[in-house]
Structures are given as structure tokens and as C-alpha cells.
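Here is the structure we will look at.
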Amino acid sequence: MQRILVLAALCGAVLQSGCASMTPAVRSPSSPGVSPSPTASPAGTAAASSTALPAYGWPDAFTLNQRIGRGVNFGDALEAPSEGEWGIVLQDEYFQKAKDAGFNTIRLPVRWYVHALESAPFTIFPSFFERVDWAVESGLSRGMVVILDFHHFLPFMDCPRCERERFLMLWAQIAEHYKAYPPDLVFELLNEPTDAVPASEWNEALASALAVVRESNPQRIVVVGPVGWNGLGGLPYLSLPESDRGLIVTFHYYEPFHFTHQGADWVDGSNAWLGTTWTGSAAEQQAVRKDFESVSAWGTAHGRPILLGEFGAYSKADMDSRARWTAAVARQAAELSFSWVYWEFCSGFGVYDPAAHRWRDPLLDELLPESPQRGK
Ligand code: GLC
């Protein structure tokens, strides 16, 4: 009975808070045939230069959250089934662009499980680690925070209990591999546990994964978010190990979902929402404010810093509405001392146009109003 109530409450919460993907993220490749460029540095070489601790040493979670500040997701690259399949292959130039624009942080979504053995011990392929190392170091070496995110773990969403062992064994390897990296590398345990994942299962799994991570990384800051696709409606069901203060709590915001995901090919029925605008009326602004105040209240009650880890409006919405919405969300997050990371850099929500090699100024203006990269 209780379980039914929890599930019902979760479904309600998801409806109320929206979610990044109401249906499993099935994508059609936007640029078939693009293959990853093997720009990875040999394992260990660049890693050695990034192992020295910065002068400020290990920060607490609130300090690190301030350093995260304003960031951008490098989405649709390393979390595609293989890099390039969704049209994006990470380039050194992208990290430099993001740095020059004034972003403090790169969030790196990674689909780990497909680059590992399918059964125990689930060994992650060394060549994939090399590619991720290159990306991590490309951010860290520029003085940016890198959030290494465990993205699109689809089997776990279907059966979290069956996948617990794989989840923990993958994390044991990732944590061990990056244990000597500096504090500006942050781990994120799991992107968007869906509403098919009961909160009780997620709370158990996250505590176990955290225990595994802490064996090799006792002081590293770890990001964790609620069920319901990391929507704010899942926060009341999130239970964290009380004594672990090295945590930042994340949520994703795509409200109103019919506006931000209009025409998204991975969301069933979203073509019907095409033409939905966001005018920035008092009522629209107030809706964002109300949502964010509830998150802020949760953070205060639990003594946890808050990261808005994803927000963005898809390119099928009109640019004026996207810019207005992006401004409102970023400003209100900052007012409540949330760090934020825009979704995303150069794909369907992109603030940067990789074909034209220039920023989309209406979005950049709202994200980083003082950016010297305007017009570049
Ligand atoms: C989530 C999904 C990602 C999607 C984004 C926006 O992060 O994992 O695939 O693009 O939300 O819908």
C-alpha cells in the first residue's frame, strides 16, 4: 500500500515538475556517419600534470558549488551510444571556447556501461578511459570544474535491483581511476533516475555507490539528485547518508515542458507543442520562482548546496522565447545561490553553433551577460 502511495506521489511529482525525457531517450542520429576523432592523450601523460592539488586544497561542498558557478553541459557526445552518433565529437576548441566565454564548469555526460564488459567484472575499456581522461583534463587544465556524470544507464532504469552490482562495479573502477585527480573533478552518481525507479531503490543504490566511491575518494565532492528524472518533485523522497557532507544536490528544470521540449524527436507527441511561446509574463516568472523557492527550502532544511544541473529550451522553440526563459531561469537560480549548468553546448539546445564556429548571441547574452565572446 505504502509503495503504491509512493509511486502515485512520484508520478504526480513528475507531472508537476516535468522531466527531461518522458519517454526513454531514443534518438535518431542527426549526423550519421560522423565518427570520433581519436584525439585522446596516452593514458597517464596528461593525467600526471593534473594530479597536483590546487592551492586551496579539498573544499567543502558549499565552496565547490560556488566554484561550479555557471557552467555548460557538453551533451550528446560521450553519452551517445558511441561518440559522434548524435552528431557531436568533442574538440579541444570547444573547451577553449567555453573557457573564453566565461563558463566556470563543464558537465560531461558519459554513457559508461556500453564501454565495458557486459558481465562481471564489467571492466571499462582502457581506450574509452583514455578518451574520457582527455576530456576531463581538457577542462581541468583550463582551470575549470569538471562534473563527470554517469549518464543514460538504461538497464538500471528498467530494473535497478538487477543492475545494482554493475552500477557499483563501474563506480569502483571510475573512482579508483580518478582518485588522484584534483578536487575540481566532481563525480555525479547517476543522471535522471526515471519515475520507474522507486525512491527506496534509488536511496539504497546511491548510498551503496557512495560507499564504494568513498573507499578511494574520501574527500571528493559528489553530486546526486532525486528520482523522477531529477525533477524537483522527487526531492522530498531523496534520502542521503547524513554524515556525508561532501555532497551537492542537483535538480533539472525544463518547465513548462511543452515549451522547452516542443518538437523534440525523443519525446512522443512533442510536435503538437510546436509554436508554444514563453513571454516572460509575471505569472510565468512567478511559476519559476515558486518552483525554485521550494528547492531552496529543501536545501536549507537539509543543509545541502544546490546545483541546477540541466536547463534549456530546444531549438524548435522561437529564439526570443528561449532567450527570455533562459534569462529568467539562470537569474532566479543565481538569486537563490544555486550553481547552474546549461543544457547544452553545441547540439539541439546549443548555445554555440559548431557549424558556423560562433556563439548564438541571444542565448550567450542571457547566460553570461558580460561575456567577451559576444559576436565571436
Ligand atoms: C536528459 C537526457 C538527455 C536529453 C536532455 C534534454 O539529460 O538524458 O538525453 O537531451 O535531458 O531532454
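The values are calculated or read from the model by the stated rules, or taken from the named source; none is laboratory data. Computed from a predicted structure; not experimentally measured. Note that we place each Cβ from the backbone using ideal geometry, even for glycine, and neighbour counts take in every protein chain shown. These accessible areas exclude ligands, DNA and RNA; they are computed on the full protein's heavy atoms, side chains included. Shrake-Rupley method; radii C 1.70, N 1.55, O 1.52, S 1.80 Å.
Per residue, how large is the accessible surface of segment 159-213? Use a 1.4 angstrom probe and give square angstrom. In whole numbers, segment 159-213 has 29 Å² accessible per residue.
Taking N as the number of residues in segment 251-299, what value does Rg over Cα atoms divided by 2.2 N^0.38 Å take? Display every interim value, and only then the final one.
Details: Rg = 12.9 Å, N = 49, 2.2 N^0.38 = 9.7 Å.
Normalised by 2.2 N^0.38 Å, the Cα Rg of segment 251-299 equals 1.33.
The residue among Pro193, Gly303, Ser127 whose Cα reaches farthest toward the positive pole of the charge dipole of the chain, with charges on the beta-carbon of Lys, Arg, Asp and Glu, is Gly303.
Available extension along the chain between Met319 and Glu204 is 37.2 nm, counting 0.36 nm per residue and deducting the alpha carbon span.
Could you work out the Kirkwood radius for segment 161-215, taking every pair of different alpha carbons, averaging 1/r and inverting it, reported in Å?
Working: mean 1/r = 0.0832 Å⁻¹.
It is 12.0 Å.
The convex hull drawn around the Cα atoms of segment 65-151, when projected onto a plane and averaged over every direction, covers 5.8 nm². Shown for the chain: lysine pairs separated by 8 or more places, or found on different chains, whose C-alpha atoms are under 28 Å apart, numbering 8. Comparing Ala175, Trp112, Ala327 along the charge dipole axis of the chain, the residue lying farthest to the positive side is Ala327, per the Cβ-charge model. Take the convex hull of the alpha carbons in segment 312-355; its mean projected area over all directions comes to 3.0 nm².
Which of the listed residues, Ala98, Gly225, Ala356, is farthest toward the dipole's positive end in the chain, when Lys, Arg count +1 and Asp, Glu count -1 at the beta-carbon? About the Cα centre, the residue reaching furthest to the positive side is Ala98. For segment 170-268, the spread of Cα coordinates along the three principal axes comes to 43, 26, 21 Å, biggest extent given first. Counting only Cβ charges, +1 for Lys and Arg and -1 for Asp and Glu, the dipole size of the chain around its Cα centre is about 480 debye. The equivalent ellipsoid that matches the C-alpha gyration tensor of segment 113-172 spans semi-axes of 25, 14, 8 angstrom, in descending order.
Please compute the per residue accessible area over segment 270-366 with all protein chains in place, 1.4 Å probe, rounded to a whole number of Å².
Result: 38 Å² per residue.
What's the carbon and sulfur percent of segment 180-327's accessible surface, probe 1.4 angstrom, rounded to a whole number? Could you put the intermediate results ahead of the total?
Numbers: 2560 of 4840 Å².
That share works out to 53 percent.
In the chain, the DSSP beta bridges split such that about 10 percent are antiparallel, to the nearest 5. Per residue, the accessible area of segment 72-140 comes to 29 Å², computed with a 1.4 Å probe over protein heavy atoms only. log10 I(q)/I(0), Debye, Cα-only segment 234-343, no solvent, q = 0.13, 0.20 Å⁻¹? For segment 234-343, the Cα-only Debye profile gives -0.53, -1.03.
Between Thr279 and Gln219, the modelled labels are 5.4 nm apart [label points 7 Å from Cα along Cα→Cβ]. For the chain, the Kirkwood estimate of the hydrodynamic radius, built from every pair of different alpha carbons, is 20.7 Å.
Measuring nothing but how far apart in sequence close Cα pairs (under 8 Å, 6+ apart) lie, relative to its length, the chain scores a relative contact order of 20 percent.
Place a +1 charge on the Cβ of each Lys and Arg in segment 80-139 and a -1 charge on the Cβ of each Asp and Glu, then give the dipole magnitude about the Cα centre in debye, rounded to the nearest 20. Walk me through the numbers on the way to the answer.
Details: 5 positive and 9 negative charges, 43 e Å.
Once rounded to the nearest 20, the dipole reads 200 debye.
Dipole size of segment 179-261 about its Cα centre, with +1 on Lys/Arg Cβ and -1 on Asp/Glu Cβ: approximately 260 debye, rounded to the nearest 20.
Under the definition of Cα pairs under 8 Å and six or more residues apart, what whole-number percent is the relative contact order of segment 227-317? Worked out over segment 227-317, it gives 40 percent.
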